[in-house]
């Protein structure tokens, strides 16, 4: 048996025990992990500095982008946020064991649909060391074992987080083997074929990277290939508000999937809005690429090409297009967008509703920055990623997205034959007010 298979098998075995760990035990472990992140800040930053130093050498050689290096860096602030994120996950309601459906089929024959962990999650991500504790915390709270594979550029950071989480969680009583780390790229190819051990894959990275995962495995994949996000500035927009939101969505943190990449501007307000937002963008070092009509108003910008409308820059670059109205904006987004996050700036309620129901994306916003599309900001504690698919989970995926369900049927010697034939008994199909947790408590006391 290979090293990767041994780790995947260990995770599978641990997952069966982890699924039955109490909420109190999971929360205790999470709070201890959060404390350990704070207490071991110096060691975590030291490990990260090794990764950043190596990445900066590659940056000088022109093989990495500055945005990539920025995503790699940890700081005191990021570590404080990570510790708080883990604590927030501990405070969330346990998603396991919730009653989703309760139905009396007949007297003494009761059916319960109950949420449960998915099992073993494979998380494969590029150089974002903060992803490892986020995914680990959510998997632990939702009762899932996890096999982690981070980018080689974050090797030391990932190892430091992994060892901290593994040691602290096991000391707190979480089953050993629930968290695994693989490092070599060749191990990913092997992992993709282990559908007997893994139940779900969570890729986080470039479009090419996610597509590779999707095309080379039989394991279900949850995620998104890219974030081509838009803001449409309507003719009834508050222009001061539009400038602030458009600036934040691009400049606040451009190297992430929920940063805006294209501005669509109604022709009626373009001559007033574009000079203002262009001034703010230039001050922040943003490169502007525009359509022919935009170029007439801002003659010193680059001309946008067809490729720009489909591009996720992940950098201080934005494309701008002037449109004739809301229908053209909606059509542009549904044609060129990635179904991630899109926003409208307007004071017109009818326009807002038309946009929000017409745009086919996982998050659609009114008068707010696309940067709000995030599991922590949505109150999910954290996220394992953002899904642009429409099956199982959509948008920022938190705890509920890491659960599935099972049916429990409680009978008293009932047989199907009683409900067939000319003298068949009828089903009552009566909704039940009881929760599965009450039934489980009664069974435990018998």
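The values are calculated or read from the model by the stated rules, or taken from the named source; none is laboratory data. Please read these numbers as outputs of a predicted model, since none were measured by experiment. Glycine gets a Cβ as well: all are built from the backbone with ideal geometry, and neighbour counts include every protein chain shown.
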(message) Quick test of your reading of the structure: residue 426 fulfils all but one of (1) in a loop (DSSP other than H, G, I, E, B); (2) within 24 Å of residue 98 (Cβ to Cβ). Name the failing condition by number.
(response) (2)
(request) For residue 100, work out the one condition from (1) surrounded by 20 or more Cβ atoms within 10 Å (Cβ to Cβ); (2) modelled with pLDDT of 95 or more it doesn't fulfil. (result) (1)
(request) State all residues of the stretch 295-319 that are in contact (Cβ under 8 Å) with a residue 40 or more places away in the chain and over 17 Å from residue 283 (Cα atoms); if no residue qualifies, say none. (result) 308, 309, 310, 311, 312, 313, 314
(message) So residue 314 passes all but one of these: (1) modelled with pLDDT of 95 or more; (2) at positive phi; (3) surrounded by 19 or more Cβ atoms within 10 Å (Cβ to Cβ). Which condition number does it fail?
(response) (1)
(request) Considering each of 177, 227, 205, 223 in turn, give the residue that is touching a residue at least 60 places away in the same chain (Cβ under 8 Å) and more than 21 Å from the chain's Cα centre (by Cα). (result) 177
(message) Which of the numbered conditions does residue 378 fail, given that it passes all the others? Conditions: (1) closer than 30 Å to residue 135 by Cβ; (2) in contact (Cβ under 8 Å) with a residue 40 or more places away in the chain; (3) in a loop (DSSP other than H, G, I, E, B).
(response) (2)
(message) Looking at 444, 400, can you tell me which residue is surrounded by fewer than 10 Cβ atoms within 10 Å (Cβ to Cβ) and modelled with pLDDT under 95?
(response) 444
(request) Quick one: which helices (runs of 4 or more DSSP H) lie wholly within the stretch 139-243 and hold at least 1 residues that are on the phi < 0 side of the Ramachandran plot, surrounded by fewer than 22 Cβ atoms within 10 Å (Cβ to Cβ) and in contact with a helix residue (DSSP H, G or I) (Cβ under 6 Å, 6 or more places away or on another chain)? (result) 155-171, 185-191
(request) Go through (1) part of a loop (DSSP other than H, G, I, E, B); (2) over 34 Å from the mean Cα position of the chain (by Cα); (3) under 18 Å from residue 113 (Cβ atoms) one by one and return the number of the condition residue 433 breaks. (result) (2)
(message) Give me the residue from the stretch 116-127 that is surrounded by fewer than 21 Cβ atoms within 10 Å (Cβ to Cβ) and in contact with a helix residue (DSSP H, G or I) (Cβ under 8 Å, 6 or more places away or on another chain) and, out of that set, nearest to residue 424 (Cα to Cα).
(response) 119
